[in-house]
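Data first, discussion second: the structure below is written as structure tokens.
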Amino acid sequence: MIYTDEEIKTSIINDLKKMYNFSDDDNNNNDSSIDNNQTYVESARFLAGEPISQFTVVALTKNCVKKAIASNLDYANKIFGISLQGAPKGSSILIQTDGTITNNNWDLTTGSEYFVDNNGSISLNPDNVLFLQKVGIAASPHKLQLQIEDAIAN
């Protein structure tokens, strides 16, 4: 049987939730409307494998999430969301995997594609990366619509 990338991502997320007894966070926009356009988000809690700041692009590793770094091929195609909060190593962290993320500190170019860079941030044109992996498209200067795609060798 052949599985789509979305089916694989969903399966990995569900397996991690079961493994670490994490559950969907009902108090943080999980499956709830966040704007008048009926945009829905999916978020879940995971184990932080290192200190992670709020609004960091994260990747699934063996048993936790870590800051995605586009100069490390181990993270190619393992990116699955953006942290909605900061967390120290070993604690639970809320990760948004779908929908629109709002960060009033962003100054995004509406309609432009954003990629992961070498710091776990989003960038229009990441420098010195080994792969390009799209994270999303700017819906406005402060909103990113997650649209994570497959990595491309750079």
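FYI, it's all coordinate maths here, none of it is from the lab. Bear in mind the structure is a predicted one, so any value in this text is a computation, not a measurement. Because the Cβ atoms are built from the backbone with ideal geometry, glycine has one as well, and the counts that use them run over all protein chains shown.
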Of K62/K143; K89/K143; K67/K134, which ones are farther than 24 Å apart at the Cα? K62/K143; K89/K143
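For a quick check: sort V65, V58 by the number of other beta carbons within 10 angstrom, fewest at the front. Can you show the working numbers first?
On the way: V65 25, V58 28.
Ascending Cβ contact count within 10 Å gives the list V65, V58.
Sequence gap at least 6, Cα distance under 8 Å: using those rules, report the relative contact order of the range 55-154 to the nearest whole percent.
Values: 244 pairs, mean separation 28.3, N = 100.
Relative contact order of the range 55-154: 28 percent.
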Classified through the alpha carbon gyration tensor (a ≥ b ≥ c as square roots of its eigenvalues; rounded if a/c is under 1.5, else prolate when a/b is larger than b/c, else oblate), the range 50-154 comes out oblate
